[in-house]
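The values are calculated or read from the model by the stated rules, or taken from the named source; none is laboratory data. Note that this is a predicted model, so its numbers are computed, not measured. Heads up, the Cβs are rebuilt from the backbone with ideal geometry, glycines too, and the neighbour counts pull from every protein chain shown.
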Amino acid sequence: MSLLIGDTAPDFEAETTEGRIRFHPWAGADWVIFFSHPADFTPVCTTELGYTAKLRDEFARRGAKALVISVDTLEHHHSWSNDIAETQGAAVNFPIIADTDRKVATLYSMIHPNADAKLTVRAVYVIDPQKKIRASIVYPPSTGRNFEEVLRLLDSLQLTDGYKVATPVNWKDGEDVIIAPSLQDPAEIARLFPKGYKALKSYLRVTPQPDKA
């Protein structure tokens, strides 16, 4: 059965390039961007892992960290990491799980038999500090992911956790947001959104992002 938004991310133990981990304790109080790769020594994956390494500070600023998985061996992971550093200008700085028996990939529905029974698809799970799955994205093996979208998604989740807002189409951090339709009391709206708002419709009220000066 596929994992759904709101489900608890399954715990597991696995060997990684940074030693053996148990997922929940390793995640700790951080958000986790957990994503799979079809195979080592493949061109698209090489670009993705290099770019992820460059995002370490961006993830850290958001209280998040990356965790990667493929069905190849630790030996392959370490060797491939050298290629990534050489070609992408960034050394891998996050754990890569060696899932040769496909147990973790199966647990997280990363194997799609009708796409390829031997490889993982490009799955992305955003997991919060309570170990809940907050979002998931699935790409085919042939298409590289947009990690700017992953960061945008993480920004939206963290903002909407803290404020009674939603983020509109193509929203980026710093842009206007939408007041939650559940808020109807004028006094409460005035208290929560002192910058004011514009009502385009009774259900569509736009306000400046509340955590920005």
Identify the residue in region 110-141 that is buried (at least 17 other Cβ atoms within 10 Å of the Cβ) and more than 20 Å from residue 47 (Cβ to Cβ) and, among all such residues, is modelled with the lowest pLDDT.
111
Pairs needed: first member in region 125-137, on the phi > 0 side of the Ramachandran plot; second member anywhere, at pLDDT 95 or above; C-beta distance under 8 Å; at least 6 residues apart or different chains.
131/8; 131/9; 131/11; 131/24; 131/27
Of the residues in region 166-206 that are in a loop (DSSP other than H, G, I, E, B) and of a type in the set (A, V, I, L, M), the one that is farthest from residue 153 (Cα to Cα) is 183
Taking the condition touching a strand residue (DSSP E or B) at 6+ places or on another chain (Cβ under 9 Å), within 22 Å of residue 143 (Cβ to Cβ), in the same structural domain as residue 141 (by TED's automatic domain parsing) and outside any strand (DSSP E or B), does residue 109 pass?
yes
Assigned by TED's automatic domain parsing to the domain that holds residue 135, out of contact with any Phe, Trp or Tyr (no Cβ under 8 Å at 6 or more places or on another chain) and over 14 Å from residue 125 (Cβ atoms): is that true of residue 20 in this structure?
yes
In region 1-26, which residues are small (Gly, Ala, Ser), surrounded by 13 or more Cβ atoms within 10 Å (Cβ to Cβ) and under 16 Å from the mean Cα position of the chain (by Cα)?
9
Every residue from region 107-123 that is touching a helix residue (DSSP H, G or I) at 6+ places or on another chain (Cβ under 6 Å) and in contact (Cβ under 8 Å) with a residue 12 or more places away in the chain:
120
What do you reckon, is residue 173 modelled with pLDDT of 95 or more, farther than 26 Å from residue 36 by Cβ and outside the structural domain of residue 60 (by TED's automatic domain parsing)?
yes
Scan region 142-165 for residues that are part of a helix (DSSP H, G or I), of a type outside the set (A, V, I, L, M) and either more than 21 Å from residue 45 (Cα to Cα) or in contact with a Phe, Trp or Tyr (Cβ under 9 Å, 6 or more places away or on another chain) (or both) and report the count.
8
How many residues does region 1-57 contain that are of a type outside the set (D, E, K, R) and over 20 Å from residue 131 (Cβ atoms)?
18
Looking at residue 213, is it loosely packed, with under 11 Cβ neighbours inside 10 Å and not in a loop (DSSP other than H, G, I, E, B)?
no
When you look at residue 22, is it farther than 23 Å from residue 159 by Cβ and of a type outside the set (Gly, Ala, Ser), yes or no?
yes
For region 159-206, how many residues meet the condition of being surrounded by 12 or more Cβ atoms within 10 Å (Cβ to Cβ) and either aliphatic (A, V, I, L, M) or in contact with a Gly (Cβ under 7 Å, 6 or more places away or on another chain) (or both)?
12
Can you find, within region 45-83, the residue that is surrounded by the most Cβ atoms within 10 Å (Cβ to Cβ) among those that are part of a helix (DSSP H, G or I) and acidic (Asp, Glu)?
48
